[in-house]
Amino acid sequence: MAINWFKYSAPTTFYGLAGKLIPWFAVSAAVLCIVGLYIGFVVAPADAQQGEFYRIIFIHVPSSILSMFLYLIMAAYAAMGLIFNTRLSSMMASAIAPTGALFAFISLWTGALWGKPMWGAWWVWDARLTSELILLFLYLGFISLHASIDDPRRADRAAALLAIVGSVNVPIIYFSVKWWNTLHQGSTIKFTGTSMHIAMQQAMFTMLVACWLYAITVTLMRVRSIILERERHTKWITELAEVKS
Amino acid sequence: MLEVSNLACSRGDHRLFSDLSFALYPGQIMQIQGANGSGKTSLLRTLCGFIIPDDGKISWCGEDVRELDEAYFAEMMYLGHLNAIKDELSALENLRISAGLSGTELNEKDAVAALRRMGLRGRERLPTKVLSQGQRRRVALARLLVSDARLWILDEPLTALDVGAVALIQELIAEHLARLGMVIFTTHQPLEVAGMEMRSLSLS
Amino acid sequence: MKKLSLFSLLMLVVRRDLVLAMRRRADVLTTLIFFVMVVSLFPLGVGPEMGMLRKMAPGVLWVAALLASMLSLGRLFSADYLDGTLEQMLLAPQSLSVLVLGKMASHWMVSGLPLVLMTPVLGLQFDMSIQAIGVLILGLLLGTPILSMVGAIGAALTLGLRGGGVLLSLLVLPLCIPVLIFGTGAVEAVTSGLSVSSHLSLMGALLVLALVFTPWVTAQALRISME
């Protein structure tokens with residue numbers, strides 16, 4: 001059965017599709033989040049070395065992973081918008097950015113909370129944390145460039161170019177920060193990966209999936225509002241039931 | 001020749017024009033008419049490739065200008081609202097540099113001759129910041145004399161010019177058309193070219 | 001009429017921007033004075049203890065150089081944008097990338113090179129060894145052109161925007177972190193008796209990468225901003 005995927009790349013059809021999908025993603029994100037937190041905070045045993053403190057990784061690790069992946073996905077959407085001039089791709093890119101920035105922020109915050117009992121300092125200049133901070137700066141740059149350009153088309157295209165330059169730079173930045181860190185013998189957050197209890201793995205994985213589903217849910221919601229805002233003068237928007245009422 | 005088909009352009013949410021089609025053949029001149037804000041400048045900027053049209057195609061000698069890109073730029077010359085001259089440089093330096101940017105090397109003798117024809121005798125070496133508005137416009141218009149572009153795109157070429165200079169521009173345009181050049185322009189002042197049919201396009 | 005070669009086009013732009021900078025000398029001087037001032041504020045802020053100043057010097061000089069170049073980047077395209085020259089440049093039939101490269105080169109000569117030349121004096125203020133100053137200068141020579149080139153992308157993207165200057169720094173500073181790390185790392189390596197070649201060759205690699213990609217990216221950014 002052939003599905004016409006291009007049909008869904010038009011904002012008109014995507015708006016409706018996204019509206020139907022959002023409840024499913026939202027509910028499964030909420031359920032998995034509760035399950036993951038339950039396993040992580042109740043079922044999983046305390047760590048031999050870190051005691052109860054380690055449990056913050058169930059939030060910290062998924063949000064770090066997501067913040068990095070979301071940047072790449074955002075850059076990919078932005079690049080598609082720039083090259084193929086597809087409006088929806090650019091809208092997706094600007095819808096992803098705040099969520100990515102939020103995850104980068106959560107990752108930094110939880111990293112700091114974890115650092116205090118572990119090293120006695122809220123902030124350590126660890127390679128991962130430092131890269132995460134720079135990633136947050138990159139997100140903020142993308143968002144503020146987009147926000148300060150009035151013309152939406154120029155904003156999309158300029159921010160897209162920035163995202164592409166940023167994503168080319170991310171590996172270079174990560175490598176240089178890591179190198180800087182080893183030169184200065186900074187502290188490194190190490191995960192006792194092999195000795196991870198099976199319940200810990202389950203909790204981590206469940207939380208990761210929950211975070212993905214959450215990211216998809218809010219991105220779709222945001223993309224719907226962007227479509228409404230950008231296309232407010234078109235006929236199909238004025239005929240929508242939720243707009244009429 | 002320049003061919004425009006089904007061109008549509010908007011700024012922000014506002015649609016300026018759509019389904020605009022025309023063709024300009026060698027030796028023809030066309031005036032774009034319309035009230036303020038009707039999209040005259042946007043049309044000219046779209047023809048230059050600054051603005052990507054929402055819809056439609058612009059072709060030069062049968063090929064899409066977006067694909068020709070720099071080959072098209074070599075054949076055309078744009079004079080906008082802004083004079084593109086530097087206050088700190090003299091008229092002579094300005095003219096030679098802008099010729100250089102458009103890819104041709106202009107020697108001093110030719111540049112001086114062009115400026116003199118534009119009525120700037122004795123002011124060639126003064127920094128342009130001491131010149132009057134009209135004189136600066138003349139420096140910018142001197143580029144018409146030293147360019148071998150076939151298509152001239154002129155946005156309000158006559159602003160700040162006196163009667164003598166307007167006559168001179170009319171003369172230059174007539175010469176250009178006689179060489180089978182093409183001109184597309186906007187103006188709020190009357191501009192007549194002797195012996196030439198003036199086509200006009202109204203934007204509303 | 002004679003056609004210009006790409007190289008003479010490059011030279012034309014460089015010469016033009018240098019002439020303009022010479023006729024507006026105040027702009028050049030303010031960047032340099034800013035650099036000297038920021039560097040001189042540090043001892044006042046952290047105290048005159050020589051051992052600490054010596055250790056901080058490369059970082060302080062590099063960060064000050066970064067900030068100084070951000071300050072001057074706003075002017076890279078804005079004058080040409082305001083008087084319409086940029087429109088003519090976008091219509092250049094030869095290569096916009098070459099024009100952009102020329103503007104980057106002259107920007108570096110006007111705002112990067114003076115900082116490098118000023119560095120020995122400032123290094124002495126911080127009691128750096130001759131060897132360390134030498135490596136610092138070498139690093140700055142390789143690194144400041146990268147700042148001009150990467151910064152040009154930001155300058156092109158923020159062209160004509162309100163509050164463009166601050167936004168420009170926000171966009172460009174994170175991208176310049178590798179340059180900062182390799183530049184200061186080289187000085188630290190030499191003071192602790194290690195080889196500096198790996199730092200400087202990485203910096204050289206970044207310079208080559210920037211030379212290859214940034215002119216084209218900046219040209220695209222200019223086309224986006226002029227729409």
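A few notes on this one:
- Placing unit charges on the Cβ atoms of the charged side chains and taking the dipole of the protein assembly as shown about its Cα centre, the candidate lying farthest along the positive direction among C:164, A:137, C:111 is C:111.
- Computing FRET efficiency as 1/(1 + (r/R0)^6) for residue B:125 and residue A:238, where r is the C-beta to C-beta distance and R0 is 60 Å, gives about 0.45.
- Two-site FRET efficiency, residue B:38 against residue C:141, from Cβ-Cβ distance with R₀ of 60 Å, rounded to 0.05: 0.65
- Summarised as an ellipsoid, the range C:53-144 has semi-axes of 34, 13, 8 Å, derived from the eigenvalues of the Cα gyration tensor scaled by 5 and square-rooted, with the largest first.
- Sorting the Cα pairs of chain A by distance into bins of 10 Å, from 0 upward, gives 7, 26, 31, 22, 11, 3, 0 percent per bin.
- In terms of packing, defined here as the mean over residues of other Cβ atoms within 10 angstrom, the peptides C:219-225, A:120-126 line up highest first as C:219-225, A:120-126.
- Per-selection metrics, the range A:87-153 (Cα): Rg and Dmax in Å: 15.2, 49
- Relative intensity of chain B on a log10 scale, I(q)/I(0) at q = 0.07, 0.14, 0.15, 0.18 Å⁻¹, equals -0.21, -0.84, -0.96, -1.31, per a Debye sum over C-alpha point scatterers of equal strength in the absence of solvent.
- Annotation for the range B:109-204: trypsin sites (Lys or Arg not before Pro) lying in DSSP loop with at most 15 further Cβ atoms inside 10 Å of their Cβ are B:121, B:125, B:179.
- Whether the range C:137-227 is rounded, prolate or oblate, judged on the alpha carbon gyration tensor where a/c under 1.5 counts as rounded: prolate
- Tilt relative to chain A, helix A:198-230 - C-alpha long axis, 0 to 90 degrees, to 10: 30 degrees
- Peptide A:153-164 is shielded by partner chain Cβ atoms: per residue, an average of 5 of them sit within 10 Å of its Cβ.
- Taking each of A:235/B:57; B:57/C:3; B:129/C:3; A:178/C:103; A:178/C:55; A:20/A:235 in turn, the alpha-carbon distance tops 23 angstrom for A:235/B:57; B:57/C:3; B:129/C:3; A:178/C:103.
- Cα-Cα pairs of chain C separated by more than 27 Å (percent): 35 percent
- From the alpha carbon centroid of the range B:126-183 to that of the range C:53-84 is 40 Å.
- Where N is the number of residues in the range A:41-102, Cα Rg divided by 2.2 N^0.38 Å: 1.67
- Intensity falloff of the range B:31-146 expressed as log10 I(q)/I(0), Debye formula with alpha-carbon point scatterers, at q = 0.13, 0.16 Å⁻¹: -0.61, -0.84
- Overall dimensions of the protein assembly as shown by Cα: Rg and Dmax, Å: 29.5, 98
- Assuming charge only on the beta carbon of Lys and Arg (+1) and of Asp and Glu (-1), the dipole of the protein assembly as shown about its Cα centre is about 480 debye to the nearest 20.
- With a simple spin-label model that places each label point 7 Å from the Cα along the Cα-to-Cβ direction, the separation between residue C:197 and residue B:116 comes to 6.4 nm.
- Span from the the range A:43-77 Cα centroid across to the the range C:172-220 one, whole angstrom: 31 Å
- Extreme residue, positive dipole direction of the range B:28-174, given options B:153, B:56, B:169 (C-beta unit charges): B:169
- Residue mean of other protein chain beta carbons inside 10 Å, B:4-13: 1
- Helix-only arithmetic for the protein assembly as shown: the sum of -39500 (n - 2.57) across DSSP H runs with n ≥ 4, divided by the residue total, places the mean residue ellipticity at 222 nm at -21500 deg cm²/dmol.
- For the range B:1-99, diffusion coefficient by Stokes-Einstein and Kirkwood Rh (Cα), 20 °C, 1.002 mPa s, µm²/s: 141 µm²/s
- Average partner coverage of B:46-56, which counts Cβ from other chains inside 10 Å: 2
- Span-like helix ranges in chain C, DSSP H, alpha carbon extent 27 angstrom or more, Kyte mean at least -1.0: C:25-46, C:50-73, C:130-157, C:197-226
- Kyte-Doolittle mean at least 0.0 and Cα axial length at least 20 Å: DSSP H helices in chain B: B:163-178
- Anisotropy class of the range C:77-131 from Cα gyration tensor, a/c 1.5 cut: prolate
- Taking other Cβ atoms within 10 Å as a rough exposure proxy, B:40, A:178, A:20 sort from fewest to most as A:20, A:178, B:40.
- For the range B:68-109, a Kirkwood hydrodynamic radius built from all Cα pairs, placed in the Stokes-Einstein relation at 20 °C and 1.002 mPa s, yields a translational diffusion coefficient of 185 µm²/s.
Every number here is computed from the coordinates shown, using simple stated rules; none is lab data. Values in this document were obtained by computation on a predicted structure and should not be read as measured data. Every residue, glycine as well, gets a Cβ built from its backbone with ideal geometry; the counts of neighbours run over all protein chains shown.
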